[in-house]
Structure formats: C-alpha cells, structure tokens
1. At 0.36 nm per residue, and after removing the present C-alpha to C-alpha distance, how many nm does the segment from residue 113 to residue 78 gain when stretched out fully?
2. Above 19 Å lies some portion of the pair distances; for the range 307-424, what is it as a whole percent of all C-alpha pairs?
3. Just want the ordering: 33, 101, from fewest to most Cβ atoms lying within 10 Å of their own Cβ.
4. Lysines within cross-link reach of residue 127: Cα-Cα under 29 Å, excluding same-chain residues under 8 positions apart?
5. In percent, what relative contact order does the range 138-269 have, based on Cα pairs under 8 Å that are 6 or more apart in sequence?
6. What does the range 71-118 give for Rg and for Dmax, in Å, if only its C-alpha atoms count?
7. Kindly rank 314-324, 204-214 from highest to lowest mean number of other beta carbons found within 10 Å of each residue.
8. So how far apart, in nm, are the two label points at residue 49 and residue 102 if each is 7 Å from Cα heading toward Cβ?
Amino acid sequence: MKPIATLVCCVCIFWLFRLVRDPNVRTSKALWIAALWLFIAGSRPVSMWFNDAPDSSGATSYYNGSPLEASIFESLEAAGLIVLIRRKPQVAAILKSNWPIVVYFAYCLLSASWSSFTDISAKRWIKAVGDVVMVLIVLTDHEPVAALKRVMTRTGFFLLPLSILFIEAYPDLGMAPGTMMTAGVITGVTTGKNELGGTCVIWGLAFLWCLLDAYRRRREPYRASSMIAYAVVFAMAVWLVTISSSATSLTCLLLGSALMVMTNLRWVARRRWLVHCLALAVLSVAVVAIFYAPSLLSTVGRNGTLTGRTDIWNQVLGMVSNPWIGTGFSSFWLGWRLEQMWRIYWWHPLESHEGYIEIYVNLGWIGIALLAAMVLRGYSRAVDGVRRGMDMGTLKLAFIAVALVFNLTESLFQSVIPAWIALLFAVTSLPPILDSNDRPSLPAKHVGEEDEDDREQLWFNPLSGRNSRVNAETMT
C-alpha cells in the first residue's frame, strides 16, 4: 500500500508541474535558492529529515543547534548574497525605498550588543537576514510576478502533497505520537499542527491568488490547466488545515481568502476606504473573538485561556526587566528565563505563543514601534496596489492581514517561518523604476467577469511576452 501511495503522490506532483508549465515565461535560476530556503521554512528542520536533530531535552543543545542546519542555511544565504551583489543597483533601489525594514533590522543587530548572549544573538540575526535575502532574490528578478509564482509552485507542489502522503501512508512521519497527557497530532511535513496550519495558510492564499489571477486572464494560454492545478492544491491546503485542528490557521485561511476575493472585485478595489474597512473587519473579528468574546472561541475549538496561552503570557511579561529595549534580539528564551520556564512547564516551551509579546520581550517598545512602522508603510502601499489593480496587491494585503492575526496566538515574527517571510515580502515594495512587471492586472466587475463594453487597449504583458488587452480606465 505504501509504495502505491508514494507512486500516486509522485505522479500527482509531476502532473501539477506539467499543468502550470509555460515555456514563454523565463525566470532566473537563482530562484532555486529562495525555493530551497522556503521549502525548509515550510517543512521541518533539515536535521530532522536526516534524523540528526539535536537533543531538545537540554538547554545546551538548544543554544548550539545543529551544525548541519547551520551549514545549509549559511550556504544558501551566501549564495543568495552573491546573486544580490550582481543585482546591486536593483537591491540598492529597493532598500532605499523600504527604509523602515532596514531600520528595523539595524536595530535588531544593535540590540545584540546588550544581550547577555551576544554571540548567539548575532548568529540568529545573520540567519534572520537570510529571509530578506530570499525576498530580494524574488523581487529583483526581471519578472517578479512570474518569479513569485515559480517559487510558490516549486515549494507548494511538494509540501502539500507530501503532507497528505505522510499523514495517510506514513503516520510515523506525518503524525506526532501523543503522551499520557496529550493526544497525537497531525504534522504532515512539519513538526506540529500549528506549523502545518501556518504552512497551509501561506501556500493556500498564494495558490488562491494564482487561481484568481489565472481566472481573470481569459486570453492567456495554459489558463485552464493552470487553474486546475491551483484549485487542486488550494483544496489540499483547506483539507489539511481542517484536519490539523489548528483553530488559528483555519480562522486565518478563511479570513484571508475572504479578504482576497473581496478585494479582487473591481468596485471594491477602486474604493480605498472600502478596502480599509475590509482589512479592519478581518482584524476586528479575530481580536474580538480572542480577547473580548471568549464564548465565541468554542466555535473554532478554543477555550477562554487560549489553550493555556494566557498563563504563559503572564509568566513571560513578569520577567521583562527593561520594557524599552528588551533583552536583545532573540535573547529572551536563553539563560535563567529559559530554565525557569522549563521548570514551570514540563513540555519545555521555547516561545510565548504571541508574536507581539515576543517582539516586546526581545526588542522592547522600540522594537514594537519599528515593526509597526514597517507594517503600516507596507500596508499603505499594498492598499494602493489593490486600488491601482496591481498584480500582487491583493496577495500582499492578505499576507499582512493574516500575519497580524496569526501573531495574536502564535509567535511567527521569527526567522525562517513562512508567515514571517510572507510578511516581509508583503511589506517590501518595488520602487517605480523596478515596478514595470507589477502591472495592472485584467480588471473585472466580478472575479473573472470581463465587461465587453469597457474601453480596452493593448499593452505588453511581461508574463507571456505577448500583447494583452487591459481596461484603459485601470491604466490611468
């Protein structure tokens, strides 16, 4: 049975790649670097794939990590930096245009100087910069929209089918065994149900965006086959989130999908105030359900204490010594604080399960302010992209909203985490000189419905290398 299931999975993956193959699209081979990085982020540590994971029962092994892991990340980051050096003008233009991101990471590096574990903090900062490197590899490609689709398909077409294969045919790989106090959980290719849920949310939204984009482009070749592939993998993401019992992930996927579909409607996208209202509604629903209406949590399988999270939050906040600057980048869960939390909780937590608290305890209020500036600037540009009908506008807006909601109950503002990488991508905008590939997408009064009476004109589509028709009102 297992060989048959494996064969079916391999055929399915090959079939998916075959469906989206477009020989007219040319992207850089450097995208494989970003794809490998993102695959690791969306699955499990490399050391676990090779059964070389360090013993997690002691603090020393947690500090040192896996040498194999470190060498792979260092190699990928070094290769990515070589690529970016060759694209120096484009990289410089993007960094100048997105100065809040530069300031945030500069402050993170500075905070390592007051950490009690400066060397560990600095090493973790170097690894965190790798996320930015991978985002820049995609955005500096000569066709950034096509590059994004390539990276997401090269990773998602493996992650989601393999998760189903592991769960159904190899439960020793796809499920974590329970203990005397906990039940077994579904993990897929990841290490936990929340990690699996996070992976499914990010790739689910990405494939929904690809599906909606393909649906609008009625005159494009390979449209029908691409839509089939994107719809199949999106359905996989929905199914995996449903069976993973990750309430936060299910909520984020539903809210993010609704936001993306609504902002794809032309009459919504053209009204900035309405886009703001939709984004605010997504955040408000999550905040109200989590903090002001505990009884509503029962509808998504949670209790008023968020499965014990509020107790951890109180413990963590009580250990903060300097609320303005924090303990230093990625330094809170080290030393005596880690030992004390491990004495209190038998399951040895390594995070507070609240992204904003994690930023606060590590970087203080200054870090919170810099993160807020980065997100607000990115959000403003994403809304502007939605209004102008830019290709990546709706996806960026959904990524930002989902990341903000996700971090209410999970700590995802960390390096090599899909939601964090997606947020970095969403808040990083292309300057006008490099923005030629993020052109207005085909407009529609409804998703996929073209108005034949609208004024149309020809423009060169960089994704296909051919002329396509686009509504003249959107071009102005």
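Taken together, the values in this text are just the output of simple stated rules run on the coordinates, not laboratory data. Because the structure is a prediction, the values reported are computed rather than measured. Note that each Cβ is placed from the backbone with ideal geometry, even for glycine, and that neighbours are counted across all protein chains shown.
1. Fully extending the segment from residue 113 to residue 78 adds 10.2 nm.
2. 51
3. 101, 33
4. The qualifying lysines are 29, 88, 96, 149, 193, 396.
5. Working: 145 pairs, mean separation 28.4, N = 132.
Relative CO of the range 138-269 lands at 22 percent.
6. Computed over the Cα atoms of the range 71-118, radius of gyration and Dmax are 13.8, 38 Å.
7. Numbers: 314-324: 12.7, 204-214: 24.5.
The most tightly packed comes first, giving 204-214, 314-324.
8. 3.4
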